[in-house]
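Notes follow once the structure below has been shown.
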Amino acid sequence: MEITVQWVRTTWTKASRGGEAAARRNAVPDGFALPPLEARLAHVIRMHECDGFEPHDGREVRSKVDVQLREADGRLRVYPGVEPMFGLPPRKRRPPGVRLVPGQCVRWQLNYRFSSALGIRGWTYWQDTFNVAYGPVDADVFLSEPTVFVDERGPLR
């Protein structure tokens, strides 16, 4: 069965925590139209504060995207990994993986915050959005509401 993965990462600093910059950051989409992809590739979008949150389109081998994908009994289990655990804001324990049937998709969001080792520089933040569809899809599959939405974002302070 076809599996389509899109990974959207947005990064910013304290400068985009309020005002016009935060409004621009909050207005970035959670999903994008898909380019033609080989089956083993994921669509990767990067947006950074330093260039006004303009989307930069790319592709990555799907195995390098930190999301577990397991097919069994006609379903796809989706469970994003958590990059550095020390970057997670406080939150309750993680939810279980999501099981999709053909024709369904999930949007899973996580956020992180980091400080320099000695706290000399300010905080850096990022948000990861994993869009995963199971089965054949159109290019605009991630432009609409997903079948399942998991919001694992915590307070960034």
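Every number in this text was worked out from the coordinates using simple rules, so none of it is lab data. No experiment lies behind these values; they were computed from the predicted model shown. Using ideal geometry, Cβ is built from the backbone for each residue, glycine included, and neighbour counts are taken over all protein chains shown.
Tell me whether region 54-69 contains one or more residues that are on the phi < 0 side of the Ramachandran plot, part of a strand (DSSP E or B) and of a type in the set (D, E).
Within region 54-69, the subset on the phi < 0 side of the Ramachandran plot is 54-69.
Among the residues that remain, those that are also part of a strand (DSSP E or B) are: 56-61, 67-69.
If we keep only those that are of a type in the set (D, E) as well, we get 57, 60.
Checked region 54-69: at least one residue is on the phi < 0 side of the Ramachandran plot, part of a strand (DSSP E or B) and of a type in the set (D, E).
Quick check on my filter: what residues within region 84-108 are of a type outside the set (V, I, T) and surrounded by 14 or more Cβ atoms within 10 Å (Cβ to Cβ)? Steps first, answer last, please.
Initially, region 84-108 is screened for residues of a type outside the set (V, I, T), giving 84-97, 99-100, 102-105, 107-108.
Of everything in region 84-108, those that are of a type outside the set (V, I, T) and surrounded by 14 or more Cβ atoms within 10 Å (Cβ to Cβ) turn out to be G87, L88, P89, G97, R99, L100, Q104, C105, R107, W108.
Among (1) in contact with a Phe, Trp or Tyr (Cβ under 6 Å, 6 or more places away or on another chain); (2) closer than 19 Å to G135 by Cβ; (3) among the acidic types (D, E), where does E49 come up short?
Failing condition for E49: (2).
Name the residue that is surrounded by the most Cβ atoms within 10 Å (Cβ to Cβ), counting only residues in region 32-49 that are under 14 Å from V137 (Cα atoms) and of a type outside the set (A, V, I, L, M, F, W, C).
Step by step, filter region 32-49, then rank; the result is H43.
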